[in-house]
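J.: Got a structure for you, written out below as structure tokens; questions coming shortly.
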Amino acid sequence: MSTEQRGQQNGGAGAGPRPGAGPGAGPGFGPGRDPGRGGPMGGGPHAGMMMPGEKAKDTRGTLRRLVVYLQPRRPQLSVIIGMAVLSTIFSIVGPKILGKATTKLFEGIVAKMMRVPGAHVDYTYIGRIILLLAGLYLLSALFSYIQQYIMAGVAQNTVFDMRRDVEAKLARLPLKYFDSRTHGEILSRVTNDIDMVSSTLQQGVTQLITSAVTIVGVLIMMLTISPLLTLIAVVTLPLSFVATMAIAKRSQRYFGTQQKTIGELNGHVEEMYTGHAIVKAFGREKRSVAEFGAINDRLYDAAWRAQFVSGILFPLMNFINNIGYVFVSVVGGIMVTKRTIEIGDVQAFIQYSRQFSQPIVQTANIVNIIQSTIAAAERVFEVLDEAEQIPDPVPAKVVKEPKGDVRFDHVDFSYKPDVPLIEDMNLEVKPGESIAIVGPTGAGKTTLVNLLMRFYEVRDGRITVDGVDIRNMKRGDLRRMTGMVLQDTWLFNGTIRDNIAYGREGATEEEIVQAAKAARADRFIRSLPEGYDTVLNEEASNISQGQKQLLTIARAILADPAILILDEATSNVDTRTEVLIQRGMRELMKGRTNFVIAHRLSTIRDAGLILVMNNGRVIEQGTHHELLAKNGFYADLYNSQFAKAGTVEAVG
Amino acid sequence: MIKLSRFLKPYRAAVAAVLGFVFLQTIAELSLPTLMADIINTGVMKGDTNYIWHVGGRMLLVAGGSAIAAVLVSYLSARVASGFGRDLRGRVFSRVESFSLHEFDKIGTATLITRTTNDITQVQMVTVMILRMMVMAPIMAIGGTILAVSRDGSLSLILVVSVPLLAGVIALLASRAIPLFTLMQTKLDKLNRVLREGLTGIRVIRAFDRVDYERRRFEEANRDLTATAIRVNRILAILFPVLMLTMNFTSIAIVWFGGIRIDNGHLAIGDMMAFIQYAMQIMFSLVMVSMMFVMIPRAEASAVRVNQILETAPEINDPSRPASATGQRGRVEFKDVTFGYAGAEQPALSHISFRAEPGQVTAVIGGTGSGKTSLISLIPRFYDVDSGQVLVDGVDVREMTQEELRAKIGFVPQKAVLFTGTIADNIRYGKETATDEEVRRAAEVAQATEFISGMKDGYDSEIAQGGTNVSGGQKQRLSIARALVRKPEVYVFDDSFSALDFKTDSRLRHALRKETADATVLIVTQRVSTVMDADQIIVLDEGKIAGIGRHKELLTTCPVYREIVSSQLSEEEMA
């Protein structure tokens, strides 16, 4: 029964280690899925073939690009393919040879029963055959091992390259790209989609080869044994095929419903859990549970149907297979009695017929998986094809000792082509000046900074720093001249020291502490049990919002830039702390060009120049007192901020 | 997994039936080779074609029976596992809904979501696999062994060698691969984290020109993951060749030794062929089990996480005999309240006493981390106090049902949360029975009419999940409208105007004044301008009350308040 397992090893319809979607992860393929995207409740191992296979838009093109990825590993791949083919052939030949031993045995015994003189079982012959078989099996196993061993490297390294390329690509994409996509969506391309490619490479490719070789090989072997029996065995094929198709079609429908319901359920759970306080505050727990119950019932209905229908396939295939088995046994038995076939051949044939239908089902399965993989790869390639930001100029102009002279010259800009935001903006900031930018939300304050940092490209006009158009500099050089403190306090999972040191590569311990002191962060850092070695957790929830902000300020101080940008930098700290921070910041702002964007007008009263923005334009400018005296937009804004509830006039 | 199996109880009968049908299926599968042996031993040897046909017919019946049993197994196990999953999910969800914020803080929202969704699915998936495949393995092994021994006891000795060998190989590889799988998962998480950090911090990374640094970090995580993945897959590369080899060598051994025994007249040739098939079936059932060895530990981890939820009892429960309100409608009173979060070294609030009266505005002001949000979270009993009492309508909040208590309160959180549904649905969340007129009125007071009417479908405009299609300020206004529509006795605003620009803010407060004239209003804020005209200002500093009074009084009596004010207003404005 040598090769019977061969087919099954490749995963009998249902239980095999197929890279199905979701938790059914079997041995031998990529890492488990990140429960981020789409259907985290994806199908089990059965789902592999049953999930509605998504199709790529351009299968051929994507396939070609995948091949390009494999190109550098062509030698390994040819070894893999060779090994897979040889291993399969060796194991396919097995039953036929083993059958010869059985035949010899049978002949000897029949002869003995017939009392043929000198009749005996030819053990030398059988022994030789068995040795030959043992050798073949050993080789087959060895080749199979080598093949899978090499494949592990090829598949994982290919995926490594892919991940690296995508990451490098992300670094070159303009911010515009990230604005229009959720993090989850991008993440899922780098993890889930690439994982899919990984599993398919690891398992699918060789399985496809083995299955194909098995089908052809078994067919040939069967034909050489008995065309009549082959006919019987082949007749069951269309039956299996029809059965598979019928079931796959139905189960795809049920899996579709299941997936949809799961989406609903997840949505509800997510919403209710994240809004837990509100659900509680408004006493809506019962409603929420009832709604969950309704979705859950629908999910049950869809889930068991999907499970059941897909679960039928295995027994059904087994049944069809068994029918073939019975007929082969019967007809084969009769043929032996008629001496038209040898008994060992019947034994071999039974084995062949048993493993014939499996690779066929499997091939259909793999084709489906490969299809989804191509779709996944296509999504990855889509990222790689996105338009990159304009490359840095070569040679780039270098500002040796940046002074911080910033100039906006007739700048036009819009995020969306048809909605102009900034039009004909002119601005001149001399080194060491502090500019405050105020205005209602959406007025374009942050946009100004985005343009200065060249996160976005101006549509018209130009921005210069120390007289050099920023487009003629390297982005890195430009950004090293500038330091930023944002409202969004981004810190990473690491120690406080590392987070501050992020401001400048190679900063010394002393510099870090100095920066923390200047930002008034040193005291609270030292009060933490681990001090500067405190590791911030993933959400950095082990320190307060205000403390986070202090760290980002320290980070900017350490960077020691010529131009400093404070974008709502203190909006997350309370005003008393802010007063403290501002003392540090005033120190920091000395001798630099400062852009201060603020929501809280109290923080910018001392700025040398205040720009009031509205609808993408600077509508007023001047000092605090000048602007108040003007009694325009700024005065209005300012007064409303300090107005008593109900009245819109200044207090006192 | 075992702990969770109590949820299978309602399906006991079905599970028993599954076991029964699996047994039948196994018997049927095993008797096919037996019948085939008959064909060869009796039919072929004697050349009895009729007998061959006869047995062939029986084989077909047996195969059919096996198929029917298998379909029934599939049906029942699908029903059982899905039902099990549904029950478990329902149980977990309603348990989580009964949790107080305390349990949410402790366990974490994100993991609660995964536990209710993915983890349960994982367990459900494995349940199907166990019912359908795993239970078959021992039955198959036992049945196959019995039949093999009954065919030829001494030839069965081969199985004594090969089966444990196979089991040993599987166990050995599993013991090496499973920890690596776990490790790989950790490394994958790490990679995801680096990437996620890179995405959320993209502006900072670019601003500080640290793209290369991030690339190195990613590269490192990537390399690390790849190395582990290669190791796992190389270990697993051994598995199937070895399994194959063991099985193939077993069949060779059976032919060789079987041949000798046949020659000696101890064994019929058909029996030997049947014997090979038994051996294969036994071993194959082992392989089936081995295929699941990756799923089981993963499902086990899921089961543990799910169990943890079920074992967490909500800390806040309704009293068995709730007291009804006796005192002044809408009065909120804190009596020497001390409260700390679990695991925190210092209490978030200590010895807080004050009273908020209906028709008055009580403002709570203080720096970040001073305990403002903690204080108001105690009013709807999101948490229980450690000592002291919180009274609403003169009754300790712990002596009321949560439903009754919260019905009195209109709560507006710091971070506005909206739900999927239309704008009207979201406002009606505060009061299910609200008329269109009431909804419109609430929106008007909340200064939301303008942007609502600017939307294409007005009040029927759909809010996307997480409220991503409205701005922060718009969310806040809707969340205020939701509280207003309730017309509650007590309003609680937790820094709810922060995303509004100052003009809208002051217009809103103006409108609110009228609307909430008879109610008790508590406002948490950092803005002095918001509190200046409050009837009572509570100044919090590091969890303690630093002063209570009106603006003018506090300016003279409370240094903390003076500091806060002076940080926001200029001298002349403070007057």
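Values in this text are rule-based calculations from the coordinates and carry no lab data. Predicted, not measured: the structure shown is a model, and the values here were computed from it. As a convention, Cβ positions derive from the backbone with ideal geometry for all residues, glycine included, and neighbour counts pool all protein chains shown.
J.: Find the centroid of the Cα atoms in the stretch A:545-562 and in the stretch B:242-317, then give the distance between the two in whole Å.
T.: Going from one Cα centre to the other spans 61 Å.
J.: Please state, to two decimals, what the Cα-based radius of gyration of the stretch B:480-572 comes to when divided by 2.2 N^0.38 Å (N = residues).
T.: Details: Rg = 14.0 Å, N = 93, 2.2 N^0.38 = 12.3 Å.
In units of the 2.2 N^0.38 Å rule of thumb, it is 1.13.
J.: Continuing with the same structure: Enumerate the amide H contacts of B:Ser353 below 5 Å, restricted to partners 5 or more residues apart or on another chain; note that Pro and chain-start residues carry no placed amide H.
T.: B:Asp336, B:Val337
J.: Which entries of B:Lys3/B:Lys187; B:Lys487/B:Lys514; A:Lys104/B:Lys46 show an alpha-carbon separation above 23 angstrom in the structure shown? Numbers along the way, then the final one.
T.: Numbers: B:Lys3/B:Lys187 29 Å; B:Lys487/B:Lys514 12 Å; A:Lys104/B:Lys46 18 Å.
Listed pairs above 23 Å: B:Lys3/B:Lys187.
J.: While we're on this one: Treating only the Cβ of Lys, Arg, Asp and Glu as charged (+1, +1, -1, -1), what charge dipole size does the protein assembly as shown show about its Cα centre? Round to the nearest 20 debye. List each step's numbers first, then the result.
T.: Values: 134 positive and 124 negative charges, 735 e Å.
Roughly 3540 debye, rounded to the nearest 20.
J.: Same structure, new question: Could you tell me which residue out of B:Val18, A:Met272, A:Ala243 lies farthest along the dipole of the protein assembly as shown toward its positive end? Charges go on the beta carbon: Lys and Arg +1, Asp and Glu -1, centred on the Cα centre.
T.: So the residue we want is A:Ala243.
J.: With everything on Cα atoms, drop me the angle between helix B:269-291 and the longest principal axis of chain B, reported from 0 to 90° to the nearest 10.
T.: Compared with the principal axis, the helix lies near 10 degrees.
J.: Give me the dipole magnitude in Debye, nearest 20, for the stretch A:408-641 about the Cα centre, with unit charges on the beta carbon: positive for Lys and Arg, negative for Asp and Glu.
T.: Numbers: 28 positive and 33 negative charges, 70 e Å.
I would put it at about 340 debye.
J.: Can you tell me the FRET efficiency between B:Asp460 and B:Ala110 if r is taken as the Cβ-Cβ distance and R0 is 45 Å, rounded to the nearest 0.05? Working shown, then result.
T.: On the way: r = 32 Å, r/R0 = 0.71.
Efficiency at R0 = 45 Å is approximately 0.90.
J.: Once you place label points 7 Å from the Cα toward the Cβ at B:Thr422 and B:Ile2, how far apart are they in nm?
T.: Result: 5.5 nm between the two label points.
J.: Which whole-Hz ³J(HN,Hα) couplings does the stretch B:133-147 yield from phi under the Karplus relation 6.51 cos²θ - 1.76 cosθ + 1.60, θ = phi - 60°, glycine and proline marked x?
T.: 10, 5, 5, 5, 4, x, 4, 4, 5, 5, x, x, 5, 4, 5
J.: Roughly how many nanometres apart are two label points built 7 Å out from the Cα toward the Cβ at A:Leu138 and A:Ala168?
T.: It is 4.6 nm.
J.: Now a separate question. With angles folded into 0 to 90 degrees, how steeply does helix B:502-515 sit against the dominant principal axis of chain B? Use alpha carbons for both and round to 10.
T.: Once rounded, one gets 80 degrees.
J.: Treating each Cα of the stretch B:332-574 as an identical point scatterer and ignoring solvent, apply the Debye formula and state log10 I(q)/I(0) at q = 0.17 Å⁻¹.
T.: Ignoring solvent entirely, the Cα scatterers give -1.28.
J.: Could you calculate the contour length gain from A:Arg605 to A:Val116, that is, 0.36 nm times the residue separation minus the distance between their Cα atoms, to one decimal place in nm?
T.: Values: separation 489, 0.36 × 489 = 176.04 nm, distance 11.94 nm.
That pair, A:Arg605 and A:Val116, stretches by 164.1 nm at full extension.
J.: Something else about it: For B:Ser453 and B:Ser471 in the same chain, what is the full-extension length gain: residue separation times 0.36 nm, less their Cα-Cα distance, in nm?
T.: Values: separation 18, 0.36 × 18 = 6.48 nm, distance 1.50 nm.
In short, 5.0 nm is gained.
J.: So, one more: Only helical DSSP H runs with n ≥ 4 go in: add -39500 (n - 2.57) per run for chain B, normalise by residue count and round the 222 nm mean residue ellipticity to 500 deg cm²/dmol.
T.: -20000 deg cm²/dmol
J.: Could you work out the local net charge near A:Ala396, counting Lys and Arg as +1, Asp and Glu as -1, over the other residues with Cβ closer than 15 Å to its Cβ? Please list the in-between numbers first.
T.: Values: positive: A:Lys397, A:Lys400, A:Arg454, A:Arg471, A:Lys474, A:Arg475, A:Arg479, A:Arg480; negative: A:Asp392, A:Asp466, A:Asp469, A:Asp477, B:Asp209.
Local net charge: +3.
J.: Among A:Leu384, A:Ile369, A:Phe408, pick out the residue whose Cα is farthest towards the positive end of the charge dipole of the stretch A:368-410, where Lys and Arg carry +1 and Asp and Glu carry -1 on C-beta, about the Cα centre.
T.: It is A:Phe408.
J.: Taking neighbour counts of Cβ atoms within 10 Å as a proxy for exposure, in what order, fewest first, do B:Ile39, B:Ile537 appear? Before the final figure, lay out each step's value.
T.: Values: B:Ile39 29, B:Ile537 25.
Ordered by Cβ neighbours within 10 Å, fewest first: B:Ile537, B:Ile39.
J.: For chain A, what does the helix formula give at 222 nm: sum of -39500 (n - 2.57) over DSSP H segments with n ≥ 4, over the residue count, nearest 500 deg cm²/dmol? Write down the numbers at each step before the final one.
T.: Working: 23 runs with 381 residues, N = 652.
Estimated from H runs of four or more residues: -19500 deg cm²/dmol.
J.: List, in order, the whole-Hz ³J(HN,Hα) value for each residue of the stretch B:356-361 obtained from phi through the Karplus relation with A = 6.51, B = -1.76, C = 1.60 and θ = phi - 60°; use x for Gly and Pro.
T.: 10, 9, x, x, 10, 10
J.: Sticking with this structure for a sec: Based solely on C-alpha atoms, express the radius of gyration and the Dmax of the stretch B:243-394 in angstrom.
T.: Expressed in Å, the Cα Rg and Dmax of the stretch B:243-394 come to 36.2, 107.
J.: Okay, moving on. Set the bar at 22 Å for Cα to Cα. Now go through B:Lys335/B:Lys544; B:Lys431/B:Lys456; A:Lys403/A:Lys474 and name every pair that lies beyond it. If you can, show how the numbers build up before the last one.
T.: Numbers: B:Lys335/B:Lys544 13 Å; B:Lys431/B:Lys456 25 Å; A:Lys403/A:Lys474 17 Å.
Going by Cα-Cα distance, B:Lys431/B:Lys456 fall outside the 22 Å limit.
J.: What is the fewest-to-most order of A:Thr200, A:Thr337 by other Cβ atoms lying within 10 Å of their Cβ? Each step should come with its number before you reach the end.
T.: On the way: A:Thr200 25, A:Thr337 17.
Fewest-to-most Cβ neighbours within 10 Å comes out as A:Thr337, A:Thr200.
J.: Among A:Thr191, A:Thr373, rank each residue by its count of other Cβ atoms within 10 Å, from fewest to most, as a rough exposure measure.
T.: With the fewest neighbours first, A:Thr191, A:Thr373 line up as A:Thr191, A:Thr373.
J.: On a 0 to 90° scale, report how tilted helix B:49-98 is relative to the longest principal axis of chain B, with both axes built from alpha carbons and the result rounded to the nearest 10.
T.: For helix B:49-98, the angle is close to 20 degrees.
J.: Using the Karplus equation 6.51 cos²θ - 1.76 cosθ + 1.60 (θ = phi - 60°), what ³J(HN,Hα) coupling, rounded to whole Hz, does each residue of the stretch A:556-569 give in order, writing x for Gly and Pro?
T.: Per residue, the Karplus-derived 3J(HN,Hα) values read 5, 5, 5, 5, 6, x, 6, 10, 10, 10, 10, 9, 6, 5 Hz.
J.: At a Förster radius of 45 Å, what calculated FRET efficiency corresponds to the Cβ-Cβ distance of B:Asp386 and B:Arg216, to the nearest 0.05? Kindly include the intermediate steps, with their values, before the conclusion.
T.: On the way: r = 48 Å, r/R0 = 1.06.
That gives a FRET efficiency of 0.40.
J.: Which distance in Å, rounded to a whole number, links the C-alpha centroids of the stretch A:241-278 and the stretch B:373-446?
T.: That distance is 33 Å.
J.: If you don't mind, another one. Considering amide H positions built from the backbone, and no H for Pro or chain starts, which residues 5 or more places from B:Ile463, or on another chain, come under 5 Å of its amide H?
T.: For B:Ile463, the qualifying residues are B:Gly421, B:Thr422, B:Ile423.
J.: How much of the DSSP bridge set in the stretch A:408-641 is antiparallel, in percent, rounded to the nearest 5? Please report the intermediate quantities before stating the final value.
T.: Values: 15 of 32 bridges.
Antiparallel bridges make up about 45 percent of those DSSP assigns within the stretch A:408-641.
J.: Right, another one. Provide the net charge surrounding B:Val539, with neighbours chosen by a C-beta distance below 14 Å and charges set as Lys +1, Arg +1, Asp -1, Glu -1.
T.: Values: positive: A:Arg576, B:Lys372, B:Arg527, B:Lys544, B:Arg550, B:Lys552, B:Arg562; negative: A:Asp574, B:Asp541, B:Glu542, B:Glu553, B:Glu563.
After counting each charged neighbour, the total is +2.
J.: Taking Cα pairs under 8 Å and at least six residues apart, what relative contact order does the stretch A:408-641 come out at, in percent? Could you put the intermediate results ahead of the total?
T.: Details: 407 pairs, mean separation 66.2, N = 234.
Result for the stretch A:408-641 is 28 percent.
J.: Please work out the FRET efficiency for the pair A:Lys630 and A:Ile390, using the Cβ-Cβ distance as r and a Förster radius of 51 Å; give the result to the nearest 0.05. Each step should come with its number before you reach the end.
T.: Numbers: r = 40 Å, r/R0 = 0.79.
Step by step, r from the Cβ atoms, then E = 0.80.
J.: What is the spread of the Cα atoms of the protein assembly as shown along each of their three principal axes, largest first, in whole Å?
T.: Here the spans come out as 131, 81, 54 Å, largest first.
J.: Something else: Percent antiparallel among DSSP beta bridges with both residues in the stretch B:332-574, to the nearest 5?
T.: On the way: 19 of 38 bridges.
Approximately 50 percent, going by the DSSP bridge assignments.
J.: Please give the Cα centre distance for the stretch A:136-215 versus the stretch A:472-501, rounded to the nearest Å.
T.: Cα centroid to Cα centroid, the span is 34 Å.
J.: Could you tell me the convex hull volume per residue, in Å³, taken over the Cα atoms of the stretch A:295-339?
T.: Considering the Cα atoms of the stretch A:295-339, their hull volume per residue is 30 Å³.
J.: Find the all-direction average of the projected area of the Cα convex hull for chain B, expressing the result in square nanometres with one decimal place.
T.: Averaging across all directions leaves 38.0 nm² for the Cα convex hull.
J.: With a sphere of radius 13 Å drawn around the Cβ of B:His102, what net charge do the other residues whose Cβ falls strictly inside it have (Lys, Arg +1; Asp, Glu -1)?
T.: Values: positive: A:Lys280, B:Lys106, B:Arg381; negative: B:Glu103, B:Asp105, B:Glu315, B:Asp384, B:Asp386.
Result for the local shell: -2.
J.: What value in Å³ per residue do you get for the convex hull of the alpha-carbon atoms in chain A? Present the calculation step by step, with values, prior to reporting the outcome.
T.: On the way: hull volume 147.5 nm³, N = 652.
Spread over its residues, the Cα hull of chain A gives 226 Å³ apiece.
J.: 5 Å is the cut-off here: which amide hydrogens, built 1.01 Å from N in the peptide plane, fall below it relative to A:Gly461, excluding neighbours closer than 5 in sequence?
T.: A:Asp412
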